[in-house]
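Colleague: Have a look at this one.
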Amino acid sequence: MIQEIDPFSLKALKRVHGVMEKFLEVEAGEFRSGDEGVFNGDECIFVAPPPHLVLEFMTDLFSWMKRNKKKVFKPYPIEWTRNKKACHL
């Protein structure tokens, strides 16, 4: 499946996430609907953007990636594997 993924597609990202997290996450394949943070013990050290902004931020990120393909894929192994017809991650 990985060789068929369009790395610039939000739809493809959500599809892959859905496959990978199918039995682990209720919202697998969808952008989150709740608040998230990173904790160090009981201390919150990072608060993620609110869920209503995730689609906008991801759209901006993927737009930037499309405009900067050479920067994004220079070290990226999936592009290499796509050209070599192998899957070495």
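Colleague: Tell me, yes or no, whether segment 20-38 has at least one residue that is of a type in the set (D, E), open to solvent by 100 Å² or more (accessible area, probe 1.4 Å) and modelled with pLDDT under 85.
Modeller: no
Colleague: Still on this structure: Checking the condition of a type in the set (D, E) and at pLDDT below 90, which residue from D42, D6, D60 passes? Walk me through it before giving the result.
Modeller: Working: D42 fails: at pLDDT below 90; D60 fails: at pLDDT below 90.
The unique qualifying residue is D6.
Colleague: Can I ask one more? Does G41 qualify as being on the phi < 0 side of the Ramachandran plot and open to solvent by less than 70 Å² (accessible area, probe 1.4 Å)?
Modeller: no
Colleague: Select from segment 44-66 the residues that are open to solvent by 50 Å² or more (accessible area, probe 1.4 Å), touching a Phe, Trp or Tyr at 6+ places or on another chain (Cβ under 8 Å) and within 16 Å of A12 (Cα to Cα) and list them in ascending order.
Modeller: Matches in segment 44-66: L55, K66.
The values are calculated or read from the model by the stated rules, or taken from the named source; none is laboratory data. Source: prediction; values computed, not measured. Methodologically, a virtual Cβ is constructed for each residue, glycine included, from the backbone with ideal geometry; neighbour enumeration extends over all protein chains shown. Keep in mind that these areas ignore ligands, DNA and RNA; they rest on the heavy atoms of the full protein, side chains included. Shrake-Rupley method; radii C 1.70, N 1.55, O 1.52, S 1.80 Å.
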